[in-house]
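Down below is the structure, laid out as structure tokens.
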């Protein structure tokens, strides 16, 4: 028993040493209101996950890790259940969502990931990626969850409790406009309510009409940059791939 205790203490000390010696890491997180999300996204819709598989696309991110850790994009197909912007009902959108794989890993202050499951419903606010034919969360890769939201009232009510400045508990749907809109997209049994999407289309007509700039794209490959004092951050390590079309041969007589 004493040996097991000492092993546990050594493990805690080792983890503390790793944490204390980890380089400083600058994390970029974008949290937007619903109006901004709709305006700056190319696609906005309520969708259901129909397939999940590894894409084989990996990237470097500056989060300090312990163990054999790899950041890999998952290829997730999502069927449009309710359209809001840029899509049609019944369409299948190929989406890339960040994930972590590895035999043993600890990630310090990890990126926010969606962790999709088959059959789940989400509200997705997406931009095109550097991989033609694929979209990703408008806030990827640093916090996918700020652009892709699991529609689950149970999770919202059992999650972190929010209190106002007077110490009063505030329900999820009353915290802000975005939460209220999410709440009205799904009922307590997990069924999608078409009226919620209709309200989004009505309330955000101006934002739906806007198109993001052509340079708005989610990069999939990132490189680590280190500055003075050990500070590290990520910069895109790729250019947007452009689909090229062959020019038709000139017909001759």
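Readers should treat all values here as calculations from the given coordinates under stated rules, not as data from a laboratory. Model, not experiment: these values are computed from the prediction. Here the Cβ is made from the backbone with ideal geometry for all residues, glycine too, and neighbour counts use every protein chain on show.
Brief remarks on what is shown
- Note on residue 168 and residue 211: with the Förster distance fixed at 51 Å, the Cβ-Cβ geometry gives a FRET efficiency of about 0.80.
- Cβ-based exposure ranking for 63, 162, in which fewest neighbours within 10 Å come first: 162, 63
- Förster radius 30 Å - calculated FRET efficiency between residue 176 and residue 68 (Cβ-Cβ, nearest 0.05): 0.15
- For the stretch 76-232: relative contact order, % (alpha-carbon pairs under 8 angstrom, 6 or more apart): 20
- Across every direction, the projection of the convex hull enclosing the Cα atoms of the stretch 47-113 has a mean area of 5.4 nm².
- Separation of the residue 223 and residue 235 label points, Cα + 7 Å toward Cβ, nm: 0.7
- Using only alpha carbons, the stretch 24-211 has a radius of gyration to Kirkwood radius ratio (Rg to Rh) of 0.97.
- Over the C-alpha trace of the stretch 127-181, radius of gyration and Dmax come out as 15.2, 50 angstrom.
- Extension gain, residue 107 to residue 31: 0.36 nm times the residue separation minus the Cα-Cα distance gives 25.2 nm.
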